[in-house]
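A.B. asks: My questions will all concern the structure given below.
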Amino acid sequence: MADLLTVHDPRGYPPKVTGKRLAARLDKLDGKLVYLVDCLFDNSEVFLEQLQHWFEEHLPGVQLKHIKPRESWVDDPDMRAAIAADGDAAILGVGL
């Protein structure tokens, strides 16, 4: 047991995080377009289907549109631009 061991800290170095304000809350959702964003996590599509059924039952005046990024864990500027151009809100579905 005279050998030395090298131990690596699995926590690494945390990135610097700058806080941002949340988007302004909408007064109401009736007549608004809400994007349901499938973030490509396990079961996120199932979650968003259930969420869509909830909206249809409880808030039928809300327009819903499904959208997915091109790939998981990678920013999709085209998807963000589409949401910003004609959407009023977005719900990110990250699965279960």
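Quick note: the coordinates plus some simple rules give every number you see, no bench work behind them. Everything numeric here is computed off the predicted structure, so don't read it as measured data. Cβ placement follows ideal geometry from the backbone for every residue including glycine, while neighbour counts extend to all protein chains displayed.
A.B. asks: Kindly express, to the nearest 10 degrees and within the range 0 to 90, the angle between helix 77-86's C-alpha long axis and the longest C-alpha principal axis of the chain.
C.D. replies: 30
A.B. asks: Nearest 500 deg cm²/dmol is fine: what mean residue ellipticity at 222 nm does the chain get from its DSSP H runs of n ≥ 4 alone, each adding -39,500 (n - 2.57), divided by its residue count?
C.D. replies: -8000 deg cm²/dmol
A.B. asks: Another question about this same structure. Taking neighbour Cβ counts within 10 Å as the exposure measure, how do 29, 36 sort from fewest upward?
C.D. replies: Lowest to highest Cβ neighbour count: 29, 36.
A.B. asks: While we're looking at this one, here's another question. Whole angstrom only: what separates the Cα centroid of segment 12-30 from the Cα centroid of segment 44-96?
C.D. replies: 17
A.B. asks: A further question follows. Dipole magnitude of segment 1-84 about its Cα centre, charges +1 at Lys/Arg Cβ and -1 at Asp/Glu Cβ only, in debye to the nearest 20?
C.D. replies: 560
A.B. asks: Residue by residue, what Karplus-based ³J(HN,Hα) values in Hz, rounded to whole numbers, does segment 26-33 have, using 6.51, -1.76 and 1.60 with θ = phi - 60° and x for Gly and Pro?
C.D. replies: Computed from phi, the couplings for segment 26-33 are 6, 5, 8, 9, 4, x, 9, 9 Hz.
A.B. asks: Can you list which of the chymotrypsin sites (Phe, Trp or Tyr not before Pro) found in segment 28-95 are DSSP loop residues with at most 16 other C-beta atoms within 10 Å?
C.D. replies: Passing both the DSSP loop test and the Cβ count: 41, 73.
A.B. asks: Here's a follow-up. Please sort by residue number the GluC sites (Glu not before Pro) in the chain whose DSSP state is loop and whose Cβ has at most 13 other Cβ atoms within 10 Å.
C.D. replies: 71
A.B. asks: Next question. Bin width 5 Å, origin at 0, all Cα-Cα pairs of the chain: what percent of pairs per bin?
C.D. replies: 2, 11, 16, 17, 17, 12, 7, 4, 4, 3, 3, 2, 1, 1, 0
A.B. asks: Once the piece of chain linking residue 11 and residue 94 is laid out straight, how much longer is it, given 0.36 nm per residue of separation minus the C-alpha distance between them?
C.D. replies: Numbers: separation 83, 0.36 × 83 = 29.88 nm, distance 2.35 nm.
Result: 27.5 nm gained on full extension.
A.B. asks: Please rank 38, 27, fewest neighbouring Cβ atoms within 10 Å first, as an exposure proxy. Intermediate values should be presented prior to the final figure.
C.D. replies: Values: 38 21, 27 7.
With the fewest neighbours first, 38, 27 line up as 27, 38.
A.B. asks: Follow-up. Mind listing which trypsin sites (Lys or Arg not before Pro) in segment 1-76 are in a DSSP loop and have 13 or fewer other Cβ atoms within 10 Å?
C.D. replies: 11, 16, 20, 21, 25, 28, 70
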